[in-house]
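Below you'll find the structure, written out as C-alpha coordinates, and then a few comments.
The values are calculated or read from the model by the stated rules, or taken from the named source; none is laboratory data. Note that this is a predicted model, so its numbers are computed, not measured. As a convention, Cβ positions derive from the backbone with ideal geometry for all residues, glycine included, and neighbour counts pool all protein chains shown.
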Ligand code: SAM
(Lines give C-alpha, C1' and ligand atoms only; values in the text may rest on other atoms or scores of the structure.)
Protein backbone atom coordinates (compact mmCIF):
# COMPACT_ATOMS: atom_id res chain seq x y z
CA UNK A 1 0.00 0.00 0.00
CA UNK A 2 2.80 2.34 0.92
CA UNK A 3 4.20 2.46 -2.62
CA UNK A 4 0.89 2.47 -4.47
CA UNK A 5 1.20 6.08 -5.55
CA UNK A 6 4.74 7.33 -5.15
CA UNK A 7 3.84 10.77 -6.63
CA UNK A 8 1.67 11.59 -3.59
CA UNK A 9 4.67 11.67 -1.29
CA UNK A 10 6.58 14.20 -3.39
CA UNK A 11 7.30 17.56 -1.78
CA UNK A 12 5.63 20.84 -2.76
CA UNK A 13 7.64 23.69 -4.19
CA UNK A 14 7.12 27.42 -4.01
CA UNK A 15 9.31 30.15 -5.48
CA UNK A 16 9.95 33.27 -3.44
CA UNK A 17 9.57 36.36 -5.59
CA UNK A 18 12.69 38.23 -4.49
CA UNK A 19 11.39 41.39 -6.16
CA UNK A 20 8.98 41.59 -3.23
CA UNK A 21 10.40 39.52 -0.39
CA UNK A 22 13.70 38.00 0.68
CA UNK A 23 13.99 34.26 1.13
CA UNK A 24 14.77 34.35 4.87
CA UNK A 25 11.63 36.39 5.62
CA UNK A 26 9.57 33.99 3.52
CA UNK A 27 10.99 31.00 5.41
CA UNK A 28 10.18 32.68 8.70
CA UNK A 29 6.61 33.39 7.63
CA UNK A 30 5.90 30.00 6.02
CA UNK A 31 7.78 28.24 8.83
CA UNK A 32 5.12 29.39 11.33
CA UNK A 33 2.72 26.81 9.98
CA UNK A 34 4.80 24.39 7.89
CA UNK A 35 8.09 22.59 7.85
CA UNK A 36 10.09 24.39 5.19
CA UNK A 37 13.58 24.05 3.71
CA UNK A 38 15.50 25.67 0.85
CA UNK A 39 15.91 23.69 -2.34
CA UNK A 40 19.52 22.62 -2.84
CA UNK A 41 19.61 23.49 -6.56
CA UNK A 42 17.23 26.28 -7.44
CA UNK A 43 17.86 29.51 -5.54
CA UNK A 44 14.79 31.12 -3.95
CA UNK A 45 12.87 27.84 -4.12
CA UNK A 46 11.31 26.53 -0.93
CA UNK A 47 10.44 22.90 -0.32
CA UNK A 48 7.38 22.00 1.72
CA UNK A 49 5.91 18.68 2.74
CA UNK A 50 3.63 16.83 0.35
CA UNK A 51 -0.01 17.91 0.45
CA UNK A 52 0.58 21.47 1.68
CA UNK A 53 -1.74 23.81 -0.23
CA UNK A 54 -0.60 27.41 -0.37
CA UNK A 55 -3.05 28.65 -3.02
CA UNK A 56 -4.82 30.92 -0.55
CA UNK A 57 -1.76 31.95 1.42
CA UNK A 58 -1.52 35.77 1.70
CA UNK A 59 2.08 35.72 0.38
CA UNK A 60 0.90 33.89 -2.72
CA UNK A 61 -2.09 36.17 -3.16
CA UNK A 62 0.04 39.30 -2.95
CA UNK A 63 2.73 38.03 -5.34
CA UNK A 64 5.50 37.56 -2.79
CA UNK A 65 5.56 33.86 -3.68
CA UNK A 66 4.59 31.95 -6.81
CA UNK A 67 3.46 28.36 -6.93
CA UNK A 68 5.90 27.25 -9.56
CA UNK A 69 7.26 23.72 -9.80
CA UNK A 70 10.94 22.97 -9.43
CA UNK A 71 11.46 21.83 -13.03
CA UNK A 72 9.71 24.91 -14.41
CA UNK A 73 11.84 27.12 -12.16
CA UNK A 74 15.03 25.54 -13.46
CA UNK A 75 14.47 27.13 -16.89
CA UNK A 76 15.15 30.80 -16.07
CA UNK A 77 18.00 29.77 -13.76
CA UNK A 78 19.55 27.82 -16.65
CA UNK A 79 19.43 31.00 -18.75
CA UNK A 80 20.95 33.08 -15.91
CA UNK A 81 20.62 36.54 -17.45
CA UNK A 82 22.68 39.23 -15.73
CA UNK A 83 21.07 42.29 -14.14
CA UNK A 84 21.10 45.03 -16.77
CA UNK A 85 20.82 42.72 -19.79
CA UNK A 86 18.21 42.95 -22.49
CA UNK A 87 16.35 39.64 -22.53
CA UNK A 88 13.62 38.27 -24.76
CA UNK A 89 10.99 35.80 -23.60
CA UNK A 90 9.68 34.51 -26.93
CA UNK A 91 6.49 32.71 -25.84
CA UNK A 92 5.72 34.31 -22.54
CA UNK A 93 2.19 33.82 -21.14
CA UNK A 94 1.17 33.18 -18.43
CA UNK A 95 4.51 34.71 -17.49
CA UNK A 96 5.87 32.52 -14.72
CA UNK A 97 9.28 32.39 -16.32
CA UNK A 98 9.15 36.07 -17.37
CA UNK A 99 8.83 37.23 -13.79
CA UNK A 100 11.40 34.71 -12.64
CA UNK A 101 13.80 36.32 -15.14
CA UNK A 102 12.91 39.73 -13.72
CA UNK A 103 13.75 38.51 -10.21
CA UNK A 104 17.05 36.95 -11.32
CA UNK A 105 17.92 40.26 -13.00
CA UNK A 106 17.06 42.05 -9.74
CA UNK A 107 14.63 44.23 -11.67
CA UNK A 108 17.51 45.77 -13.67
CA UNK A 109 17.73 45.73 -17.46
CA UNK A 110 14.88 45.03 -19.79
CA UNK A 111 12.73 42.00 -20.56
CA UNK A 112 10.63 41.86 -23.71
CA UNK A 113 7.84 39.34 -23.28
CA UNK A 114 6.24 38.26 -26.54
CA UNK A 115 2.85 36.54 -26.63
CA UNK A 116 0.70 35.70 -29.63
CA UNK A 117 -2.74 35.27 -28.09
CA UNK A 118 -4.71 38.27 -26.88
CA UNK A 119 -6.45 36.49 -24.01
CA UNK A 120 -3.15 35.18 -22.77
CA UNK A 121 -1.59 38.65 -22.97
CA UNK A 122 -4.09 39.65 -20.28
CA UNK A 123 -2.94 36.80 -18.05
CA UNK A 124 0.67 37.79 -18.72
CA UNK A 125 -0.09 41.39 -17.73
CA UNK A 126 -1.71 40.19 -14.54
CA UNK A 127 1.24 37.96 -13.60
CA UNK A 128 3.68 40.82 -14.20
CA UNK A 129 1.56 43.23 -12.19
CA UNK A 130 1.31 40.79 -9.28
CA UNK A 131 5.09 40.22 -9.33
CA UNK A 132 5.89 43.91 -9.04
CA UNK A 133 8.34 43.72 -11.98
CA UNK A 134 8.68 47.10 -13.67
CA UNK A 135 11.20 46.25 -16.39
CA UNK A 136 9.02 44.07 -18.62
CA UNK A 137 7.63 45.26 -21.97
CA UNK A 138 4.96 43.14 -23.60
CA UNK A 139 4.87 42.59 -27.33
CA UNK A 140 1.53 41.21 -28.48
CA UNK A 141 2.39 39.33 -31.66
CA UNK A 142 4.09 36.40 -33.29
CA UNK A 143 7.62 35.68 -32.12
CA UNK A 144 8.43 34.54 -35.66
CA UNK A 145 7.57 38.03 -36.94
CA UNK A 146 10.05 39.81 -34.69
CA UNK A 147 12.87 41.14 -36.81
CA UNK A 148 16.17 40.26 -35.12
CA UNK A 149 17.79 43.25 -36.82
CA UNK A 150 15.21 45.73 -35.55
CA UNK A 151 17.13 48.11 -33.23
CA UNK A 152 14.67 47.23 -30.47
CA UNK A 153 15.78 43.58 -30.53
CA UNK A 154 19.28 43.69 -31.99
CA UNK A 155 20.83 44.12 -28.53
CA UNK A 156 19.03 41.16 -26.96
CA UNK A 157 21.66 39.11 -25.10
CA UNK A 158 19.57 36.22 -23.85
CA UNK A 159 16.45 34.47 -25.09
CA UNK A 160 14.14 32.17 -23.20
CA UNK A 161 12.09 30.08 -25.62
CA UNK A 162 9.37 28.02 -23.97
CA UNK A 163 7.06 27.43 -26.93
CA UNK A 164 3.64 25.81 -27.00
CA UNK A 165 4.07 22.08 -26.55
CA UNK A 166 1.98 18.97 -25.95
CA UNK A 167 2.20 19.43 -22.18
CA UNK A 168 2.70 15.68 -21.92
CA UNK A 169 5.08 16.13 -18.99
CA UNK A 170 2.49 17.78 -16.78
CA UNK A 171 0.57 15.41 -14.56
CA UNK A 172 -3.03 16.26 -15.53
CA UNK A 173 -2.32 15.60 -19.19
CA UNK A 174 -0.06 12.71 -18.41
CA UNK A 175 -2.90 10.69 -16.92
CA UNK A 176 -4.40 10.06 -20.39
CA UNK A 177 -1.10 9.07 -21.78
CA UNK A 178 0.54 7.01 -19.12
CA UNK A 179 2.02 4.24 -21.22
CA UNK A 180 5.38 2.70 -20.44
CA UNK A 181 6.78 3.66 -23.85
CA UNK A 182 6.14 7.35 -23.17
CA UNK A 183 8.64 7.57 -20.42
CA UNK A 184 11.20 6.49 -22.97
CA UNK A 185 10.03 9.35 -25.17
CA UNK A 186 8.92 7.12 -28.03
CA UNK A 187 5.71 6.29 -29.92
CA UNK A 188 2.46 8.10 -29.36
CA UNK A 189 -0.94 7.27 -30.81
CA UNK A 190 -1.69 8.62 -34.28
CA UNK A 191 -3.81 11.65 -33.36
CA UNK A 192 -1.33 12.75 -30.74
CA UNK A 193 1.52 12.04 -33.06
CA UNK A 194 0.09 14.35 -35.75
CA UNK A 195 -0.38 17.11 -33.20
CA UNK A 196 3.08 16.62 -31.79
CA UNK A 197 4.61 16.77 -35.27
CA UNK A 198 2.85 20.06 -35.93
CA UNK A 199 4.04 21.45 -32.62
CA UNK A 200 7.57 20.29 -33.34
CA UNK A 201 7.53 22.05 -36.71
CA UNK A 202 6.76 25.33 -34.91
CA UNK A 203 9.30 24.60 -32.18
CA UNK A 204 12.05 24.05 -34.75
CA UNK A 205 11.16 27.25 -36.59
CA UNK A 206 11.01 29.27 -33.37
CA UNK A 207 14.33 27.90 -32.14
CA UNK A 208 16.05 28.61 -35.47
CA UNK A 209 14.60 32.14 -35.33
CA UNK A 210 15.87 32.63 -31.77
CA UNK A 211 19.36 31.57 -32.86
CA UNK A 212 19.36 34.31 -35.51
CA UNK A 213 19.40 37.26 -33.08
CA UNK A 214 22.80 38.86 -33.63
CA UNK A 215 23.80 39.70 -30.05
CA UNK A 216 22.41 36.67 -28.25
CA UNK A 217 24.94 34.98 -26.00
CA UNK A 218 22.67 32.58 -24.14
CA UNK A 219 19.54 30.82 -25.31
CA UNK A 220 17.38 28.35 -23.43
CA UNK A 221 14.86 26.09 -25.14
CA UNK A 222 12.40 24.34 -22.85
CA UNK A 223 9.22 22.31 -23.01
CA UNK A 224 6.96 20.57 -20.52
CA UNK A 225 6.83 17.61 -22.89
CA UNK A 226 8.31 14.16 -22.52
CA UNK A 227 8.31 13.42 -26.24
CA UNK A 228 11.58 13.07 -28.08
CA UNK A 229 9.94 14.74 -31.12
CA UNK A 230 9.54 18.03 -29.22
CA UNK A 231 12.83 17.78 -27.39
CA UNK A 232 15.98 16.03 -28.59
CA UNK A 233 14.76 15.93 -32.22
CA UNK A 234 14.21 19.71 -32.22
CA UNK A 235 17.68 20.35 -30.83
CA UNK A 236 19.31 17.89 -33.21
CA UNK A 237 17.64 19.56 -36.20
CA UNK A 238 19.02 23.03 -35.38
CA UNK A 239 22.55 21.94 -34.39
CA UNK A 240 24.14 22.61 -37.81
CA UNK A 241 22.62 26.11 -37.86
CA UNK A 242 23.61 26.71 -34.23
CA UNK A 243 27.21 25.67 -34.92
CA UNK A 244 27.39 27.87 -38.01
CA UNK A 245 26.41 30.80 -35.77
CA UNK A 246 29.08 29.87 -33.22
CA UNK A 247 26.68 28.44 -30.62
CA UNK A 248 27.39 25.27 -28.71
CA UNK A 249 25.29 23.28 -26.28
CA UNK A 250 26.20 23.91 -22.65
CA UNK A 251 25.25 21.90 -19.56
CA UNK A 252 22.51 23.41 -17.43
CA UNK A 253 22.64 22.04 -13.86
CA UNK A 254 25.57 19.64 -14.39
CA UNK A 255 24.79 17.99 -11.04
CA UNK A 256 21.35 16.87 -12.31
CA UNK A 257 21.62 13.20 -13.31
CA UNK A 258 18.77 12.86 -15.81
CA UNK A 259 19.97 14.00 -19.24
CA UNK A 260 18.75 13.81 -22.84
CA UNK A 261 17.89 10.63 -24.70
CA UNK A 262 21.01 9.36 -26.49
CA UNK A 263 19.88 10.22 -30.01
CA UNK A 264 22.59 12.67 -31.04
CA UNK A 265 26.15 13.40 -30.07
CA UNK A 266 26.07 15.78 -27.12
CA UNK A 267 22.57 14.79 -25.97
CA UNK A 268 24.00 14.23 -22.48
CA UNK A 269 24.33 18.02 -22.23
CA UNK A 270 20.57 18.66 -22.33
CA UNK A 271 18.41 18.04 -19.31
CA UNK A 272 15.22 16.12 -18.67
CA UNK A 273 13.04 15.84 -15.64
CA UNK A 274 10.75 12.88 -15.22
CA UNK A 275 7.00 13.30 -14.60
CA UNK A 276 6.88 10.52 -12.05
CA UNK A 277 10.20 10.82 -10.27
CA UNK A 278 10.52 14.62 -10.41
CA UNK A 279 6.79 15.55 -10.46
CA UNK A 280 6.92 17.23 -13.86
CA UNK A 281 8.43 16.20 -17.16
CA UNK A 282 10.45 19.11 -18.50
CA UNK A 283 13.19 19.41 -21.06
CA UNK A 284 15.88 22.12 -21.01
CA UNK A 285 18.61 22.83 -23.55
CA UNK A 286 21.07 25.69 -23.19
CA UNK A 287 22.96 27.19 -26.11
CA UNK A 288 25.91 29.48 -25.41
CA UNK A 289 27.68 31.50 -28.09
CA UNK A 290 31.42 31.00 -28.14
CA UNK A 291 33.27 34.26 -27.79
CA UNK A 292 34.96 35.10 -31.04
CA UNK A 293 38.70 35.77 -30.75
CA UNK A 294 38.33 39.37 -31.88
CA UNK A 295 35.41 39.98 -29.45
CA UNK A 296 35.30 43.28 -27.65
CA UNK A 297 35.19 41.41 -24.32
CA UNK A 298 31.42 41.65 -23.75
N1 LIG B 1 6.84 30.50 -20.48
C2 LIG B 1 5.46 30.50 -20.01
C3 LIG B 1 5.45 30.43 -18.49
O4 LIG B 1 6.39 29.84 -17.93
O5 LIG B 1 4.55 30.95 -17.87
C6 LIG B 1 4.67 29.40 -20.65
C7 LIG B 1 4.67 29.50 -22.15
S8 LIG B 1 3.49 28.45 -22.94
C9 LIG B 1 4.28 26.90 -22.88
C10 LIG B 1 3.64 28.94 -24.59
C11 LIG B 1 3.02 30.28 -24.91
O12 LIG B 1 3.43 30.67 -26.22
C13 LIG B 1 1.50 30.29 -24.95
O14 LIG B 1 1.00 31.29 -24.14
C15 LIG B 1 1.16 30.54 -26.42
O16 LIG B 1 -0.01 31.30 -26.60
C17 LIG B 1 2.37 31.32 -26.87
N18 LIG B 1 2.66 31.25 -28.32
C19 LIG B 1 2.38 30.25 -29.18
N20 LIG B 1 2.82 30.54 -30.41
C21 LIG B 1 3.42 31.76 -30.33
C22 LIG B 1 4.08 32.61 -31.27
N23 LIG B 1 4.20 32.25 -32.56
N24 LIG B 1 4.57 33.78 -30.84
C25 LIG B 1 4.45 34.15 -29.55
N26 LIG B 1 3.83 33.40 -28.61
C27 LIG B 1 3.33 32.21 -28.98
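Could you go through the stretch 121-132 and let me know if any residue there is out of contact with any helix residue (DSSP H, G or I) (no Cβ under 9 Å at 6 or more places or on another chain) and modelled with pLDDT under 95. No, every residue in the stretch 121-132 fails to be out of contact with any helix residue (DSSP H, G or I) (no Cβ under 9 Å at 6 or more places or on another chain) and modelled with pLDDT under 95. Any idea which of (1) under 17 Å from residue 103 (Cβ atoms); (2) touching a residue at least 24 places away in the same chain (Cβ under 8 Å); (3) surrounded by fewer than 22 Cβ atoms within 10 Å (Cβ to Cβ) is the one residue 72 doesn't satisfy? Only one criterion in (1) under 17 Å from residue 103 (Cβ atoms); (2) touching a residue at least 24 places away in the same chain (Cβ under 8 Å); (3) surrounded by fewer than 22 Cβ atoms within 10 Å (Cβ to Cβ) is unmet by residue 72, namely (3). Filtering the stretch 60-114 to residues that are within 16 Å of the ligand (Cβ to nearest atom) and part of a strand (DSSP E or B) leaves 65, 66, 87, 88, 89, 111, 112, 113, 114.
Residues in the stretch 124-144 that are within 8 Å of the ligand (Cβ to nearest atom) and either surrounded by fewer than 18 Cβ atoms within 10 Å (Cβ to Cβ) or not assigned by TED's automatic domain parsing to the domain that holds residue 234 (or both): 3 in all. Selection of the stretch 238-249 for residues being buried (at least 16 other Cβ atoms within 10 Å of the Cβ) and either under 16 Å from the mean Cα position of the chain (by Cα) or free of Cβ contacts under 8 Å to residues at least 40 places away in the same chain (or both) yields 238, 239, 249. Entry remark, the stretch 249-263: residues being under 21 Å from residue 218 (Cα atoms) and part of a loop (DSSP other than H, G, I, E, B) number 7 in total. Please work out if residue 235 is in contact (Cβ under 8 Å) with a residue 40 or more places away in the chain, assigned to a helix (DSSP H, G or I), assigned by TED's automatic domain parsing to the domain that holds residue 88 and touching a strand residue (DSSP E or B) at 6+ places or on another chain (Cβ under 9 Å). Spelling it out, residue 235 is indeed in contact (Cβ under 8 Å) with a residue 40 or more places away in the chain, assigned to a helix (DSSP H, G or I), assigned by TED's automatic domain parsing to the domain that holds residue 88 and touching a strand residue (DSSP E or B) at 6+ places or on another chain (Cβ under 9 Å). Kindly evaluate residue 228 against the criterion of being in the same structural domain as residue 150 (by TED's automatic domain parsing) and within 16 Å of the ligand (Cβ to nearest atom). Considered against the rule, which asks whether it is in the same structural domain as residue 150 (by TED's automatic domain parsing) and within 16 Å of the ligand (Cβ to nearest atom), residue 228 comes out as no.
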